[in-house]
Amino acid sequence: MKKDGKDFINSGQKIELTYNIQNTLRTIGTKISSVITRKYGMNSLSEDHVTLKLRGSAGQSLGAFAVRGLTLKVFGDANDYVGKGLSGGKIIVQPRNSFVQPSHENVIIGNVTLYGATDGTLYASGKAGDRFCVRNSGALAIVEGCGANGCEYMTGGSAIILGDIGDNFGAGMTGGCAFIYSEQNNISDLMNMETIGLYQIENIEWKKHLLKLLKDFQKETKSKRAEYIIENFESEVQKFFHVVPDEVINKLEYPITKKSKIA
């Protein structure tokens with residue numbers, strides 16, 4: 001990367017590089033984030049200023065501490081700790097072109113996603129493992145399903161799950177919010193309701209907000225799941241559940257009425 005990215009390192013030129021990767025390569029993107037921070041600061045670069053296109057399986061901690069201006073786009077899958085400490089960067093993970101199964105039935109990123117993330121974006125066209133968005137405090141994440149303990153101890157940011165969830169969702173969640181697109185009959189039984197409430201999406205501003213995020217996600221990942229929801233949004237939006245911590249119910253950008261509460 002140091003050799004290939006010399007134009008950026010020396011003069012700040014916008015670059016796009018492509019590599020094949022394997023799962024023994026860990027913390028991809030962390031060193032270049034360090035270069036960006038020391039040379040240009042954490043927030044001075046525009047989005048996608050440095051883009052790394054990666055083909056294969058990423059090892060642990062893909063995009064750890066990635067900062068604004070860096071985009072990591074993986075065609076394949078990634079191990080645990082994707083986006084650990086994410087600090088403004090963008091991570092996109094989508095299946096290889098040869099993959100033909102429904103993406104929302106396929107686990108594409110591992111456990112403990114976005115642990116301690118403060119800012120940035122994660123798009124994954126597939127399911128996440130356990131402890132998705134654990135201790136997330138500011139990042140946006142969109143995936144197509146997750147395992148147990150999703151949004152555990154989350155204090156900020158947003159999560160959109162376009163698929164089924166696992167047990168104990170929202171345990172200790174005190175900030176941020178989540179949207180879950182699911183037809184699971186027992187979805188409230190899968191949640192830890194000690195600190196959160198479950199709501200229908202009725203406010204038109206929330207619907208506009210959700211639709212915009214889905215369009216951004218579909219544009220980046222080519223997700224068939226998102227494409228279907230977007231094309232049939234007026235009917236499919238009724239299948240979303242809005243998860244909001246009790247502590248922030250009156251502090252959100254758009255209001256939520258008591259009559260929309262499900263559980």
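The values are calculated or read from the model by the stated rules, or taken from the named source; none is laboratory data. It should be emphasised that the depicted structure is a prediction, and the values quoted were computed from it without experimental measurement. Reconstructed Cβ throughout: ideal geometry from the backbone, glycine too, with neighbour counts over all protein chains shown. For accessibility, only protein heavy atoms count, side chains too; no ligands or nucleic acids. Shrake-Rupley method; radii C 1.70, N 1.55, O 1.52, S 1.80 Å.
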Per-pair calculated FRET efficiency, R0 = 51 Å: residue 98 and residue 251 via Cβ, rounded to 0.05: 0.65
Taking the Cα centre of each part, how many Å lie between segment 22-101 and segment 146-185? 23 Å
Take residue 14 and residue 106, extend 7 Å from each Cα along the Cα→Cβ direction, and tell me the distance between the two endpoints in nm. 3.0 nm
In deg cm²/dmol, rounded to the nearest 500, the helical mean residue ellipticity at 222 nm of the chain, built from -39500 (n - 2.57) for every DSSP H run of length 4 or more, is -5000 deg cm²/dmol
Build a GNM of the chain with springs between Cα atoms under 10 Å: which of 222, 127, 73 gets the top mean-square fluctuation? 222
Solvent-accessible area per residue for the chain at a 1.4 Å probe radius, Å²? 46 Å²
Measuring from label point to label point, each 7 Å out along Cα→Cβ, what is the residue 212 to residue 38 span in nm? 3.8 nm
With the charge dipole of the chain built from beta-carbon charges (+1 for Lys and Arg, -1 for Asp and Glu) about the Cα centre, the Cα from 263, 211, 67 projecting farthest to the positive end belongs to 67
Filtered hits (aspartates and glutamates, Cα-Cα < 19 Å from residue 261, offset >= 8 within chain) -> 183, 189, 194, 202, 205, 236, 246, 247, 253
Stretchable slack from residue 238 to residue 24, in nm (0.36 nm times residue separation minus alpha-carbon distance): 72.8 nm
When a/c reaches 1.5 or more, the comparison of a/b and b/c decides; with that in mind, is segment 107-209 rounded, prolate or oblate per its Cα gyration tensor? rounded
Return the carbon/sulfur percentage of the accessible area of the chain, one whole number, probe 1.4 Å, all protein chains in place. 45 percent
Can you pick out the pairs among 84/222; 219/258; 84/212 whose Cα atoms lie more than 31 Å from each other? 219/258
Once you sort the root eigenvalues of the Cα gyration tensor of segment 49-115 as a ≥ b ≥ c, which label holds: rounded (a/c under 1.5), prolate (a/b larger than b/c) or oblate (the other case)? oblate
Cα gyration tensor category, rounded, prolate or oblate, for the chain with a/c compared to 1.5: prolate
Which of the pairs 14/208; 208/259; 127/259; 39/215 have their Cα atoms more than 25 Å apart in this structure? 14/208; 127/259; 39/215
Cβ-Cβ FRET estimate between residue 183 and residue 258, R0 fixed at 30 Å, reported to 0.05: 0.75
Fully extended contour minus Cα-Cα distance, from residue 53 to residue 193, at 0.36 nm per residue: 46.4 nm
